[in-house]
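Quick notes on the structure that follows.
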Amino acid sequence: MGSSARLPGRERSVHEILGGGIVCVTVADVVLWRRRDVSIGILLGMLAAWLIFEISGYTLLSFVSNVLLLLISILFTWAKAAAILNRLPPPIPEMCLTEEVMNEAAVLVRSHVNMVLLAFYDVALGKDSKLFYRVAISLWLISIIGSLSDFLTLVYTSLVIILTIPVLYEKYEDFIDRYMKLAYMEVQMYKRMYAEYLRKVKNWILEKKKLS
């Protein structure tokens, strides 16, 4: 699709916006179903987890604890039996977090936390009204959605949306962008009309004040 048909300010494709690359498999390839096996696996895995939790009544914490208990019991029994029978122990690699990995993770977490704290500081001191309204509306919507659904259902629903909306938009990009562009132009027209009307009202008020 030519750039003239796209929405104002969007010159990149959906794949590029989602961080798509050429060298390796990226999140964009999964979200846009260019790796169908991975996308289907993630969707079916999350569906299976959702059904297990909904049917069995397990909570996430109890499920993870039981799985880890079963895993560590199997490995412990295997290791003891291997020692008695002179067999090889379980092939478990040594697990260790290097200082370099921890430093990179700390830098990443620090940068994101600082961004959140800076935004909170600006909102708390009334420096950014637009940011305040965006944050307030976002928190209000999250509160409403959270009251209507549990966490696991919300995660599964979000995953379904992530794996359907972008690929549908990419497939019907011409059609959607055409109508969104028309809607954008209409909004701009009403915005100019409102500005003109507001200017006339201000001029009328000023004239009234001068006459009085």
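Scanning the stretch 51-106 for residues that are part of a loop (DSSP other than H, G, I, E, B) and small (Gly, Ala, Ser) gives a single hit, Gly57. Filtered by the rule that a residue be of a type in the set (S, T, N, Q) and either in contact with a Lys or Arg (Cβ under 9 Å, 6 or more places away or on another chain) or exposed (fewer than 11 other Cβ atoms within 10 Å of the Cβ) (or both), the stretch 59-116 gives Ser73, Asn86, Thr98, Asn103, Ser111, Asn114.
Selection of the stretch 155-194 for residues being of a type in the set (A, V, I, L, M), under 25 Å from the mean Cα position of the chain (by Cα) and assigned to a helix (DSSP H, G or I) yields Val155, Leu159, Val160, Ile161, Ile162, Ile165, Val167, Leu168, Ile176, Met180.
The residue list Lys130, Lys208 contains one member that is assigned to a helix (DSSP H, G or I), open to solvent by 100 Å² or more (accessible area, probe 1.4 Å) and at pLDDT below 80, which is Lys208. Scanning the stretch 105-120 turns up no residue that is more than 32 Å from the chain's Cα centre (by Cα), within 30 Å of Ser158 (Cβ to Cβ) and modelled with pLDDT of 80 or more. Among the residues of this structure, Thr98 does not count as one that is of a type in the set (S, T, N, Q), under 30 Å from Thr164 (Cβ atoms) and more than 22 Å from the chain's Cα centre (by Cα). Residues of the stretch 159-179 that are open to solvent by less than 90 Å² (accessible area, probe 1.4 Å) and farther than 30 Å from Ala48 by Cα: Glu173, Asp174, Ile176, Asp177. Every test in (1) over 30 Å from Ala28 (Cβ atoms); (2) among the β-branched types (Val, Ile, Thr); (3) in contact with a Leu (Cβ under 6 Å, 6 or more places away or on another chain) is passed by Val201 save one, and that test is (3).
The values are calculated or read from the model by the stated rules, or taken from the named source; none is laboratory data. The model shown is predicted, which means the values in this text are computed figures rather than measured ones. For neighbour counting, all protein chains shown are included, and Cβ atoms are generated from backbone atoms with ideal geometry for every residue, glycine included. Quick note on the areas: whole protein, heavy atoms, side chains included, nothing else; ligands and nucleic acids left out. Shrake-Rupley method; radii C 1.70, N 1.55, O 1.52, S 1.80 Å.
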